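Undergrad: Just passing along the structure, written as structure tokens.
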Amino acid sequence: MKQARKIRILCVDDHPVVRDGLEAIINLQPDMTSAGTAATGSEALERFLELRPDITLVDLQLPDMSGFDLIKKIKDKSPNGRIIVLSSHEGDVDIQRALEAGAQGYVVKGIVREELLETIRSVHAGKRRLPAVVAQKLAEHMADEPISPRELDVLSLMAAVKRNKEIADELSIAEDTVKMHVRNILSKLQVNDRTEAVTIALRRGIIHL
């Protein structure tokens with residue numbers, strides 16, 4: 001009887017210890033094998049095109065580009081490429097952006113090993129899979145009013161501890177307009193002050209430092 005072909009997996013992470021750990025876990029599975037590893041986005045794209053893995057595991061934080069950009073580049077080259085994000089970023093906005101970029105799965109680092117392996121098997125079978133904790137984070141903010149691009153600009157400058165006048169000067173808008181954006185941001189994030197707004201925005205992945 002012919003043996004089923006193993007799932008070939010490319011692991012993309014800038015930390016050698018993480019790459020080695022993933023390879024060890026994958027190679028212990030009877031139905032999986034490591035196709036290779038990459039430490040940067042550009043290296044990952046080259047290796048993807050060279051190896052044509054069944055599954056690509058992608059961290060969102062890479063030294064030369066974001067994981068979101070890498071996912072889009074892989075999808076541009078291979079629309080049927082199957083990608084799972086494995087990241088320490090667990091904010092709902094990060095998850096949503098990864099799925100919109102083309103990822104079929106999202107696993108938070110530190111989750112039980114079996115969950116990662118089952119996600120790999122499900123995505124390889126053509127399904128989208130989100131562990132319960134990830135799906136819950138998405139559901140919590142499904143009905144929230146989104147932060148607009150201009151509000152995002154203001155929020156990023158708030159995170160850089162800029163005052164309203166400094167934000168107005170940097171964005172070439174009136175200070176009253178900045179105040180209006182700040183009020184909208186506080187309302188949408190359901191917080192009372194700027195510090196809390198920045199804290200929540202960082203936690204959810206709306207902005208990154």
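Undergrad: Please turn the phi angles of the range 190-204 into ³J(HN,Hα) values with the Karplus equation 6.51 cos²θ - 1.76 cosθ + 1.60 (θ = phi - 60°), one per residue in order, whole Hz, x for glycine and proline.
TA: 6, 10, 9, 8, 5, 4, 5, 4, 5, 4, 5, 4, 5, 5, 7
Undergrad: Still on this structure, I have one more. Roughly how many Å² of residue 191 are accessible to a 1.4 Å probe, to the nearest 10?
TA: Surface accessible to solvent at residue 191 totals approximately 20 Å².
Undergrad: Projecting each Cα onto the charge dipole of the chain (Lys/Arg +1, Asp/Glu -1 at the beta carbon, about the Cα centre), which of 187, 131, 155 comes out farthest on the positive side?
TA: Value: 131.
Undergrad: Just how large is the dipole of the range 69-194 about the Cα centre, in debye to the nearest 20, putting +1 at every Lys and Arg Cβ and -1 at every Asp and Glu Cβ? Before the final figure, lay out each step's value.
TA: On the way: 21 positive and 20 negative charges, 118 e Å.
Using Cβ point charges on Lys, Arg, Asp and Glu, the range 69-194 gives about 560 debye.
Undergrad: With each pseudo-label sitting 7 Å past Cα toward Cβ, what's the residue 69-residue 190 distance in nm, one decimal?
TA: 3.4 nm
Undergrad: Which of the listed residues, 61, 209, 199, is farthest toward the dipole's positive end in the range 55-209, when Lys, Arg count +1 and Asp, Glu count -1 at the beta-carbon?
TA: Value: 61.
Undergrad: Using a 1.4 Å probe, how large is the accessible area of residue 137, given in Å² and rounded to the nearest 10?
TA: 50 Å²
Undergrad: Compute the separation of the alpha-carbon centres of the range 122-156 and the range 9-39 and state it in Å as a whole number.
TA: The range 122-156 and the range 9-39 have Cα centres spaced 26 Å from each other.
Undergrad: Considering only DSSP beta bridges where both residues belong to the chain, give the percentage that are antiparallel (nearest 5).
TA: On the way: 1 of 19 bridges.
The antiparallel proportion sits near 5 percent.
Undergrad: Tell me, what is the per residue accessible area of the chain in Å², probe radius 1.4 Å? Could you put the intermediate results ahead of the total?
TA: On the way: 11200 Å² over 209 residues.
That works out to 54 Å² for each residue.
Undergrad: For residue 51, project a label point 7 Å along Cα to C-beta. Then give me every residue of the range 81-120 with its amide nitrogen under 16 Å of that point.
TA: 81-86, 120
Undergrad: Still on this structure, please answer the following. Taking all protein chains together and a probe of 1.4 Å, list 152, 157 from the most accessible to the least accessible. Display every interim value, and only then the final one.
TA: Numbers: 152 65, 157 25 Å².
The most accessible residue leads, giving 152, 157.
Undergrad: Next question, about the same structure. Hey, what do the phi angles of the range 107-112 turn into as Karplus ³J(HN,Hα) couplings, whole Hz, using 6.51/-1.76/1.60 and θ = phi - 60°, x for Gly and Pro?
TA: 10, 7, 4, x, 5, 4
Undergrad: So how exposed is residue 166, as accessible area in Å² (1.4 Å probe, rounded to 10)?
TA: 90 Å²
Undergrad: Heavy atoms only, 1.4 Å probe, whole protein assembly: order 13, 20 by accessible area, highest first. Numbers along the way, then the final one.
TA: Values: 13 5, 20 100 Å².
If we order 13, 20 from most to least accessible, we get 20, 13.
Undergrad: If you don't mind, another one. Quantify, in whole percent, the carbon and sulfur part of the accessible surface of the range 113-178 (1.4 Å probe; protein heavy atoms only). Present the calculation step by step, with values, prior to reporting the outcome.
TA: Values: 1970 of 4010 Å².
On the range 113-178, the fraction of accessible area on carbon and sulfur atoms equals 49 percent.
Undergrad: Rounded to the nearest 10 degrees, what's the angle between the helix 175-189 long axis and the longest principal axis of the chain, both from Cα atoms, 0 to 90?
TA: Helix 175-189 sits at roughly 50 degrees to that axis.
Undergrad: Each residue of the range 144-154 in turn: what ³J(HN,Hα) in whole Hz from Karplus with 6.51, -1.76, 1.60 and θ = phi - 60°, glycine and Pro shown as x?
TA: Along the range 144-154, the couplings run 5, 6, x, 6, 6, x, 5, 5, 5, 4, 5 Hz.
The values are calculated or read from the model by the stated rules, or taken from the named source; none is laboratory data. All of these numbers come straight from a predicted model, not from anything done at the bench. Positions of Cβ are generated from backbone atoms using ideal geometry, with glycine treated the same way; all protein chains shown enter the neighbour counts. These accessible areas exclude ligands, DNA and RNA; they are computed on the full protein's heavy atoms, side chains included. Shrake-Rupley method; radii C 1.70, N 1.55, O 1.52, S 1.80 Å.
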